[in-house]
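Notes to accompany the following structure.
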Amino acid sequence: MNSNEPLRTILLTGASRGIGHATVKRFGAAGWRVLTVSRQPFSEDCPWDGGRDNHIQLDLSDLDALPLAIASIKERLPSGRLDAMVNNAAISPKLPNSSRMGVLNTDLAAWRQVFAVNFFSVAMLGQSLIEELTAAKGVIVNVTSIAGTRVHPFAGAAYATSKAALAALTREMAAEFGERGVRVNAIAPGEIDTSILSPGTEELVNREIPMKRLGKPEEVAATIYFLCTGPASYVNGAEVHINGGQHV
């Protein structure tokens, strides 16, 4: 980054592992200030400069606690500017035997929890931080999923439908926020090599993915970085598939 340029700030939810961890490292290496939100306390397993001071512990399923967290985020933006927001936090509950939860075995509490984290919190954060994003002509990247467009053997019904809803929300935000100079896009990862892979993933990779391998968190983080920077300055309302061709 040019020394004459102002310090850029990104807000990232779900930062403690996998794609979130890789995204913290990618933006931190480029000189961005990274604010993180996670239901876990700051993790020494994912350290970065200023990380502890820039971490906000929040369970996004508790929507009643969101206003207080947003106030804390705003306090960390003394310039009133937010250059990027990446909505990566998501949950996908499983049955006791670790199998997917379908429509018939997902109770109302689970539906509410999944949609609170995966969908409603994204809408509320965008609504609440729009002035800061507008001031910076900032960018929002929503992390959807291949499960939002097809029935997936591991992702449950609540997770899949929440991600489909998030893709629609991305289009709505892009149309509405674009008038303010704020771009909104989504990435839809497929099978990424993280700690939460389900048993049977290897067989799925060989059967469904033309490239015959898992994606790397760093590859996803690089795409997020692209969408948040100058080369993507006219990309708005897109959903980028990152799945080795699994969707074709």
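The values are calculated or read from the model by the stated rules, or taken from the named source; none is laboratory data. Since we're looking at a predicted model, the values are computed, not measured. Note: ideal-geometry Cβ built from the backbone for every residue, glycine included; neighbour counts use all protein chains shown.
Taken over segment 22-43, the criterion of being part of a helix (DSSP H, G or I) and touching a residue at least 12 places away in the same chain (Cβ under 8 Å) is satisfied by A22, T23, V24, K25, R26, F27, G28. Tell me which residues, restricted to segment 202-225, are of a type outside the set (D, E) and either in contact with a Leu (Cβ under 7 Å, 6 or more places away or on another chain) or surrounded by fewer than 16 Cβ atoms within 10 Å (Cβ to Cβ) (or both). Scanning segment 202-225 gives V205, N206, R207, P210, M211, K212, R213, K216, A222. All conditions but one from (1) buried (at least 20 other Cβ atoms within 10 Å of the Cβ); (2) farther than 21 Å from F115 by Cβ; (3) more than 14 Å from the chain's Cα centre (by Cα) apply to G156; the one that does not is (2).
Mind listing just one residue for me: the one in segment 33-45 that is surrounded by fewer than 20 Cβ atoms within 10 Å (Cβ to Cβ) and not polar (S, T, N, Q) and, of those, modelled with the highest pLDDT?
Per the criteria, the residue is R33.
Taking segment 121-133 as the range and being surrounded by 19 or more Cβ atoms within 10 Å (Cβ to Cβ) and either more than 25 Å from V235 (Cβ to Cβ) or in contact (Cβ under 8 Å) with a residue 60 or more places away in the chain (or both) as the test, the residues that pass are S121, L125, L129.
Taking the condition of being among the aliphatic types (A, V, I, L, M) and under 18 Å from R180 (Cβ atoms), how many residues in segment 71-87 meet it? Counting residues in segment 71-87 that are among the aliphatic types (A, V, I, L, M) and under 18 Å from R180 (Cβ atoms) gives 4. Please count how many residues of segment 157-195 are assigned to a helix (DSSP H, G or I) and either farther than 20 Å from G230 by Cα or in contact (Cβ under 8 Å) with a residue 12 or more places away in the chain (or both). Total meeting the criteria: 23. Tell me yes or no: at least one residue of segment 134-149 is within 30 Å of N54 (Cβ to Cβ), β-branched (V, I, T) and either free of Cβ contacts under 8 Å to residues at least 60 places away in the same chain or surrounded by fewer than 20 Cβ atoms within 10 Å (Cβ to Cβ) (or both). Within segment 134-149 (the criterion being within 30 Å of N54 (Cβ to Cβ), β-branched (V, I, T) and either free of Cβ contacts under 8 Å to residues at least 60 places away in the same chain or surrounded by fewer than 20 Cβ atoms within 10 Å (Cβ to Cβ) (or both)), the answer is yes, since at least one residue qualifies.
Is it the case, given these coordinates, that V114 is of a type outside the set (S, T, N, Q) and in contact with a strand residue (DSSP E or B) (Cβ under 6 Å, 6 or more places away or on another chain)?
no
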